Amino acid sequence: MPASDPARSVAPGLTGRIAALVARARAAQRIAEGHDQARTDELVAAAGWAIMEPARNRELAELAVADTGIGNVEDKVRKNHRKTLGLLRDLQGARSVGVIAEDPARGLVEIARPVGVVCAVTPSTNPAATPANKIINALKGRNAVIVAPSPKGWATAERLIEFVHAQFHRIGAPRDLVQLLPAPVDKAGTLELMRRCDLVVATGSQANVRAAYASGTPAFGVGAGNVAAIVDESAEADADIEAAAERITLSKTFDNATSCSSENSLVLLDAVYDRVVAALRRRGAALLDAAQRARLQALMWPEGKLSPAVIGQSAAVIAGRAGLAEAAAAKPSMLLVEESANAIGAGHPFSGEKLSPVLALYRAADFDEAARIVERLYAWQGAGHSVGLHSRRPERALQLGLALPVARVIVNQAHCIATGGSFDNGLPFSLSMGCGTWGRNNFSDNLTYRHYLNITRIAVPIAENVPSEAQVFGAFFAKYGRGP
């Protein structure tokens, strides 16, 4: 990057302050590196209790909404609690110190080692839950972590880390294991921190993710969200329709759809289209006509870019700001806009991520067409993330998993709750979901403590196992011959 790039124009004195932060983190990390598993798990519990204690949880949720203007308090309270509790459940009993795996048959032993100092880049949409998740995972690996929040989320992150330090004081742990990039947070300061740390874990805007990858420091970053969900014709019973509508409504309205895992498009087969829309409307969804849709589009993309006026706002607030007085007065749960199967791409903004309780509806003649619509949506935006499926036919999930560019197929669940791990599925609890090379990421898992570890492997001699030529090439030669 050229020296004249504004991202390198670090404010006077900030370089020194960031260097001092990292130096203190390294000193604290050297202490943590000597901890055994029991002491390491005490630090994890302390950081978890810092956010999960009910009064602190509510304070952080209220502060997050007040400072960012995004989402709603009650859902943030639930998110702070459930995501942290689930993560702590996943980490309970997990080995992250010393020998963590032995395979005598292969003569291998795995030893967990820290990565060092982690730069945790976090978004304004989850200014408490995401930093807490990254702090806990980093501590599980005996690392130090420095949080680089969004400017809007800085005060919430500061309060969270104050709570973590108070818990560390109770157990005699070094407070410099968890630190915060000083305000005012800007791109230059965040990039400087990225360069000085040993690992960057970036969640949030694609600009932040690209900066993390370009920082010269090893990095995990997440892809863009633009989740689509399919309701197929097998969900034809009244109970199936109602269950699908209930799950979609819960997912799309949770925290005012701030999650990258909230549905942005719903692809409904002809056989169930009208009934699903009716079920959504019974749950408060407002189906907009052409004139209302045009006013909503003008509000949401005034200059071709998604407006902060709608991000993380309730459907009623968005309708009011769009001048849809009648719809706003009804206090809708979400706003529905109908799209044609080919209305996808740059000229059709409703086909992209909306970060608000606005849902685009697509109609498909059959399941194959539904899958093609989703494929086109992801060719435009959201490749690699996940797809939702509401169906009674298990083979449909396998079909999507084999064909679509997605890292997760979420079946018959509230999508935004399920993708990051849930108590009723087997995915790891996380607030950072990799999208693989489809989403220009270097991993396709839910980010876990294992991503915060270096693994040393000891290999000892075992009985030699050299295959014969026939074992390796037998089937090939039988079909094609030995050739020239």
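Things worth noting here:
- The chain: Cys lacking any partner C-beta under 4.7 angstrom: Cys260, Cys416, Cys435
- The slack between Ala379 and Val460, meaning 0.36 nm per residue of separation minus the straight C-alpha distance, is 24.5 nm.
- Sparse-neighbourhood loop sites, trypsin sites (Lys or Arg not before Pro) in the range 98-194 - DSSP loop, at most 15 other Cβ within 10 angstrom: Arg106
- 222 nm mean residue ellipticity, helices alone, for the chain (DSSP H n ≥ 4; -39,500 (n - 2.57); rounded to 500): -13500 deg cm²/dmol
- Nonlocal amide H pairs with Gly221, under 5 Å, H built at 1.01 Å: Ala202, Asn442
- Distances between placed amide hydrogens fall under 5 Å for Val147 paired with Ala120, Gln179, Leu180, Leu181, all partners being 5 or more residues away or on another chain.
- Lys/Arg +1, Asp/Glu -1 at C-beta; the chain dipole; positive extreme among Pro174, Leu398, Leu139: Pro174
- In a fully extended conformation the segment linking Ala20 and Lys331 would gain 106.9 nm over its present Cα-Cα distance, using 0.36 nm per residue.
- Placing a label point 7 Å from the Cα of Glu102 along the Cα-to-Cβ line, no residue of the range 33-48 has its backbone N under 15 Å from it.
- Here the Karplus curve 6.51 cos²θ - 1.76 cosθ + 1.60, taken at θ = phi - 60°, turns the phi angles of the range 208-216 into couplings of 5, 5, 4, 5, 4, 5, 8, 6, x Hz, with x standing for Gly and Pro.
- Calculated from backbone phi, Karplus (6.51, -1.76, 1.60) coupling profile of the range 19-31 in Hz, x at Gly/Pro: 4, 5, 4, 5, 4, 5, 4, 5, 5, 5, 5, 5, 5
- Since only Ser259, Val337, Ile241 are under comparison, the one whose Cα sits farthest along the positive direction of the charge dipole of the range 227-430, derived from C-beta charges on Lys, Arg, Asp and Glu, is Ser259.
- Under 23 Å of direct C-alpha separation, and excluding same-chain neighbours fewer than eight residues apart, Lys187 reaches these lysines: Lys134, Lys152, Lys305.
- Coupling constants for the range 395-402 follow from the phi torsions by the Karplus curve (6.51 cos²θ - 1.76 cosθ + 1.60, θ = phi - 60°), and in residue order they are 5, 5, 5, 5, 4, 5, x, 7 Hz; glycine and proline get x.
- Dipole magnitude of the range 227-430 about its Cα centre (Cβ charges: Lys, Arg +1; Asp, Glu -1), debye to nearest 20: 600
- Inter-label distance, nm, simple model (7 Å from Cα along the C-beta direction), Leu306/Gln399: 3.0
- As a rough footprinting exposure proxy, the listed residues Met300, Met334 were ranked by other beta carbons within 10 Å of their own, and the order from fewest upward is Met300, Met334.
- Amide hydrogen proximity for Val267: with H placed 1.01 Å from N in the peptide plane, the residues at 5 or more positions away or on another chain lying under 5 Å are Ala229, Ile230, Val231, Tyr362.
- Sorted by Cβ density within 10 Å, fewest first, the residues Tyr452, Tyr378, Tyr273: Tyr273, Tyr378, Tyr452
- Centre-to-centre, using Cα atoms only, the range 110-173 and the range 398-421 are separated by 28 Å.
FYI, it's all coordinate maths here, none of it is from the lab. Worth saying up front: this structure is predicted, and the values here are computed from it rather than measured. Note: ideal-geometry Cβ built from the backbone for every residue, glycine included; neighbour counts use all protein chains shown.
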